[in-house]
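Take a look at the structure below.
The values are calculated or read from the model by the stated rules, or taken from the named source; none is laboratory data. None of the values given here were measured: they were computed from a predicted structure. Positions of Cβ are generated from backbone atoms using ideal geometry, with glycine treated the same way; all protein chains shown enter the neighbour counts.
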Amino acid sequence: MSRTSKRRLRTARPWFLLLPGAVALTFLIVPLIALLSQAPWGSFLQILSNPAALDALRLSLETSLMATLVALVFGVPLAWLLAREVLPGTRFWRALVLVPLLLPPVVAGVTLLAAFGRRGLVGQWLYNGLGVQLPFTTVGVIVAEAFVAMPFLIITLEGGFRGVDRRYEEAASTLGASAWTTFRRITLPMVWPAIVAGTVLCWARALGEFGATITFAGNFPGVTQTMPLAVYTALESDRGVAIALSIVLLAVSVTVLVALRGRYLRSGASA
């Protein structure tokens with residue numbers, strides 16, 4: 001590139017975006033810096049070794065991973081159906097899938113109670129017929145987290161499925177491969193980056209879920225009290241403990257993102 005071309009490129013850059021962009025970046029970073037600056041580092045290990053904190057961390061990891069697994073089992077097929085527009089009224093169903101993303105978290109919890117509570121549309125049959133109760137149980141935490149997190153997986157994967165070159169699937173079918181073999185050996189490997197990206201987003205959302213969980217599952221230590229709920233409880237009595245637990249959640253999320261190094265997230269987004 002010639003010197004003149006480089007000068008023209010520098011001139012054409014929209015430098016007027018620099019200031020508002022810097023403001024946005026500062027707005028997002030300053031709260032994280034403030035959180036770290038106010039952390040009780042001297043008693044940090046003591047706080048984290050508290051049995052209640054360990055139980056909340058364990059429960060958060062277990063329920064968020066189970067919710068992500070549920071989302072994968074049921075979300076991957078739904079994403080494929082939406083991407084290929086197999087279902088009649090696909091636009092309508094796609095809009096419904098996005099509803100949990102738009103609902104206030106507490107409203108999401110209320111909808112779950114209306115569906116799966118003891119007197120709910122489905123919950124009354126589960127409770128009266130099978131003796132199964134979902135609200136205010138650990139399973140209820142998984143249900144709440146899966147409800148609010150699954151759409152992140154579905155919309156990411158739908159984009160991945162739409163980006164697949166269907167000629168490869170058609171070629172496999174022509175060579176005698178069954179639909180299951182084609183899906184497993186051709187389609188899934190091609191959307192693998194989108195699967196990883198959607199799974200990470202889904203898990204991160206499930207890990208940080210608060211409103212739907214406390215409304216549908218309650219806040220019982222050792223049973224339904226996840227880390228976000230423990231932070232909320234600690235904030236009412238000891239701000240230092242709340243900050244320390246918040247840093248743990250922050251560290252877990254950042255560690256996962258750094259481990260991925262943006263590779264799968266960029267690939268999933270581009271898909």
Are any residues in the range 228-240 within 19 Å of residue 108 (Cα to Cα) and either over 19 Å from the mean Cα position of the chain (by Cα) or among the hydrophobic types (A, V, I, L, M, F, W, C) (or both), and if so, which ones? 229, 232
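Among 198, 176, 160, 222, which is the only one that is outside any helix (DSSP H, G or I) and farther than 30 Å from residue 52 by Cα?
Checking each option against the conditions leaves just 176.
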Looking at the structure I just gave you, is residue 242 surrounded by 16 or more Cβ atoms within 10 Å (Cβ to Cβ) and under 15 Å from residue 52 (Cα atoms)? yes
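Can you give me the number of residues within the range 123-135 that are buried (at least 16 other Cβ atoms within 10 Å of the Cβ) and out of contact with any Lys or Arg (no Cβ under 6 Å at 6 or more places or on another chain)?
Residues of the range 123-135 that are buried (at least 16 other Cβ atoms within 10 Å of the Cβ), as a first pass: 123, 126-127, 134-135.
The next check asks that each one be out of contact with any Lys or Arg (no Cβ under 6 Å at 6 or more places or on another chain); those that pass are 123, 126, 134-135.
Residues that pass the stated criteria total 4.
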Out of (1) in a loop (DSSP other than H, G, I, E, B); (2) free of Cβ contacts under 8 Å to residues at least 40 places away in the same chain, the one residue 251 does not meet is (1)
Can you tell me which residue within the range 81-100, out of those that are surrounded by fewer than 14 Cβ atoms within 10 Å (Cβ to Cβ) and closer than 25 Å to residue 144 by Cβ, is farthest from the chain's Cα centre (by Cα)? 92
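Right, residue 215: over 16 Å from residue 61 (Cβ atoms), buried (at least 19 other Cβ atoms within 10 Å of the Cβ) and modelled with pLDDT of 90 or more or not?
Values: over 16 Å from residue 61 (Cβ atoms): yes; buried (at least 19 other Cβ atoms within 10 Å of the Cβ): yes; modelled with pLDDT of 90 or more: yes.
So residue 215 fits the description; yes.
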Give me the pairs, please: first residue somewhere in the range 19-34 and within 24 Å of residue 244 (Cβ to Cβ), second residue anywhere and assigned to a helix (DSSP H, G or I), beta-carbon distance under 8 Å, and either six or more positions apart or on two chains. 32/250
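Among the residues that make up the range 136-156, is at least one of them at pLDDT below 90, crowded, with 18+ Cβ neighbours inside 10 Å and not acidic (Asp, Glu)? I'd like the intermediate steps shown before the answer.
Quick first cut of the range 136-156, residues at pLDDT below 90 only: none.
Scanning the range 136-156 turns up no residue that is at pLDDT below 90, crowded, with 18+ Cβ neighbours inside 10 Å and not acidic (Asp, Glu).
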